[in-house]
Amino acid sequence: MSEKRVAPIEKRTLPATFYRSRRLYEHSLDAIFARTWQWLTDSGSYPEEGAVAPVTLLPGALNEPLLLVAGARGESPSCLSNVCTHRGAILVEHGCQAKSLRCRYHGRRFSLDGSYQSAPGFEESVNFPQKQDHLSSLKLEHWGPFAFASLDPAFAFSELMGHMSERLSFLDLDRLVFKPELSNDYDINAHWALYVDNYLEGLHIPFVHPSLTSVLDLKSYRTELFQYGNLQLGVAAGKGDCFDLPPHSQDYGQEIGAYYYWLFPNMMFNFYPWGLSLNIVSPQGHDRTRVHFRTYVLDETRMGSYSPADIKQTEMEDEDVVHLVQKGIQSRLYQSGRYAPTWEQGVQQFHQLMARLMDTELGID
Ligand code: FES
Ligand SMILES: [Fe+2]
């Protein structure tokens with residue numbers, strides 16, 4: 001997979017006004033979040049055979065009501081709009097067995113493939129039904145046990161996932177087991193992009209994360225960019241745990257403690273020798289963000305360094321500095337900064353991708 005080059009790193013960071021603007025935040029929902037691939041659910045939450053289950057795409061930001069319809073035995077579910085095409089009522093409020101869908105407002109019926117069946121009161125209608133009277137359907141994409149959807153994708157799912165799929169092809173993703181008791185949601189009073197900015201650079205690690213510093217070899221820490229995301233490679237220091245890599249892995253022979261994958265704009269797949277900490281950054285407003293930390297275990301016996309308890313500690317340290325920045329960027333004396341060469345390439349790439357989709361300069365190149 002070829003790596004993407006970014007413009008020379010001398011450009012300035014995003015202006016503080018970007019993070020303060022309600023207008024740009026609202027615009028980003030349509031321009032970025034509706035046009036990118038979003039994590040929807042995992043196979044453990046699929047409806048049972050013969051059942052349907054409502055699900056919301058990116059709660060708090062897109063809030064798109066969708067419906068999963070169970071596939072035939074062994075097949076993944078299909079995905080429909082969960083909004084009645086008559087006057088827009090939510091069709092299915094709770095998961096249930098269903099042979100067809102009936103809106104409880106005025107009784108319109110749809111089959112499980114979303115096609116219109118009948119509607120009381122519409123017997124005299126002319127030119128009815130038309131295309132828009134059927135339920136819209138959305139193509140689900142899959143990677144391991146995860147399902148993703150996009151309302152209007154600006155790029156193909158394979159362009160998003162290709163690098164990570166190839167690099168981590170040695171992992172048996174179907175063996176990932178979700179651990180609700182080790183998973184948490186965090187509410188942060190800051191703009192979502194400040195949280196992502198912080199994630200994308202390792203420059204702060206020695207200053208903010210003393211225990212993480214002791215298990216990583218920061219001299220070997222590096223960022224690799226690809227088209228719609230990047231990888232921060234955490235090389236283990238002397239006492240840190242590392243992956244047992246097979247000879248066909250391109251990292252064979254290196255002591256890799258963590259693969260930190262960020263997928264544009266808001267998904268982080270953090271792989272450790274024990275499994276995956278999946279972070280979904282969910283904007284809740286221009287100054288509020290919810291981050292879902294979902295823990296999936298591959299090998300419980302490898303829970304040494306980077307255990308969920310250590311990850312929680314790191315998260316608290318990160319939230320603390322993100323709050324510092326959220327306060328600081330309200331200043332009328334601060335406009336923007338400079339990117340640190342090498343260390344902040346990922347941050348610059350993130351800003352460039354946002355600017356491209358928002359079709360505006362945002363004050364950067
Ligand atoms: S809104 Fe569904 S039938 Fe009227
Ligand atoms: Fe951090």
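Just the protein heavy atoms count here, and of the accessible area of the range 157-358 at 1.4 Å, carbon and sulfur take up 51 percent.
Qualifying GluC sites (Glu not before Pro) in the range 103-152, where qualification requires a DSSP coil assignment and no more than 15 other C-beta atoms within 10 Å, comprise E123, E124.
Computed from backbone phi, the HN-Hα couplings of the range 297-307 come to 9, 9, 8, 4, 6, 9, 6, x, 5, 6, 6 Hz, rounded to whole numbers (Karplus: 6.51 cos²θ - 1.76 cosθ + 1.60, θ = phi - 60°; Gly and Pro given as x).
The candidates S76, S249, arranged from most to least accessible area with a 1.4 Å probe in the full protein assembly, appear as S76, S249. In the assembled protein chains, W37 presents an accessible area of approximately 20 Å² (probe radius 1.4 Å). Only loop residues by DSSP count here, and only those with at most 16 other Cβ atoms within 10 Å; note down the trypsin sites (Lys or Arg not before Pro) in the range 289-337 that meet that. Sites meeting the loop and neighbour criteria: R332.
For the chain, modelled as a Gaussian network with Cα springs under 10 Å, which listed residue fluctuates most, S331, S214, S305? Highest fluctuation among the options: S331. Size descriptors for the chain, from the alpha-carbon set: Rg then Dmax equal 22.3, 78 Å.
Each label point was placed 7 Å from the Cα along the Cα-to-Cβ direction; for L218 and S115 their separation is 6.2 nm. Computed on the range 300-365, the Cα convex hull volume stands at 144 Å³ per residue. Given +1 at the Cβ of Lys and Arg, -1 at the Cβ of Asp and Glu and no other charges, the dipole of the range 157-358 around its Cα centre is 540 debye to the nearest 20.
Simple rule: put +1 on each Lys or Arg Cβ and -1 on each Asp or Glu Cβ in the range 38-143, find the dipole, and look at L140, T41, A119; the Cα lying farthest toward the positive end is A119. FRET efficiency for the pair S183 and F155, taken as 1/(1 + (r/R0)^6) with r the Cβ-Cβ distance and R0 = 41 Å, rounds to 0.90. Dipole magnitude for the range 38-143: about 240 debye, using +1 per Lys or Arg Cβ and -1 per Asp or Glu Cβ, origin at the Cα centre. The charge dipole of the chain, taken about the Cα centre with unit charges on the Cβ atoms of Lys, Arg (+1) and Asp, Glu (-1), comes to about 880 debye, rounded to the nearest 20. The radius of gyration of the Cα set in the range 1-108, together with its Dmax, comes out at 19.6, 61 angstrom. Scaling against 2.2 N^0.38 Å puts the C-alpha radius of gyration of the range 62-190 at 1.35. The heavy atoms of D42 offer some 10 square angstrom of accessible surface to a 1.4 angstrom probe. Over all Cα atoms in the range 157-358, the spread is summed up by Rg and Dmax: 16.6, 54 Å. Using θ = phi - 60° in the Karplus curve 6.51 cos²θ - 1.76 cosθ + 1.60, the 3J(HN,Hα) couplings for the range 94-110 round to 9, x, 6, 6, 8, 9, 8, 10, 10, 6, 7, 7, 10, x, 5, 10, 9 Hz; x is entered for Gly and Pro.
GNM remark for the chain: springs join alpha carbons under 10 Å apart, and the peak mean-square fluctuation among S150, S111, S282 falls on S111. Accessible surface calculations at 1.4 Å, restricted to protein heavy atoms, place the chain at 47 Å² per residue.
Once the Cα-Cα distance is subtracted from the 0.36 nm per residue extended length, the V208 to R175 segment shows a gain of 8.5 nm. Rolling a 1.4 Å probe across all protein chains gives E201 an accessible area of roughly 30 Å². Note on the chain: dipole from Cβ charges, positive end direction compared against S331, L173, Y195; the farthest Cα belongs to S331. Within the accessible area of the range 38-143, the carbon and sulfur atoms contribute 46%, probe 1.4 Å, all protein chains present.
Among L216, L67, L101, the largest mean-square fluctuation in a Gaussian network model of the chain, built with springs joining Cα atoms closer than 10 Å, belongs to L101. Cβ distances below 4.7 Å define possible disulfide partners, and in the chain the cysteines left without one are C79, C96, C242.
The values are calculated or read from the model by the stated rules, or taken from the named source; none is laboratory data. Since this is a predicted model, take the numbers as computed values, not measurements. Counting neighbours? That spans all protein chains shown, and the Cβs are built from the backbone with ideal geometry, glycine included. Surface areas here come from the heavy atoms of the whole protein model, side chains and all, with no ligands, DNA or RNA. Shrake-Rupley method; radii C 1.70, N 1.55, O 1.52, S 1.80 Å.
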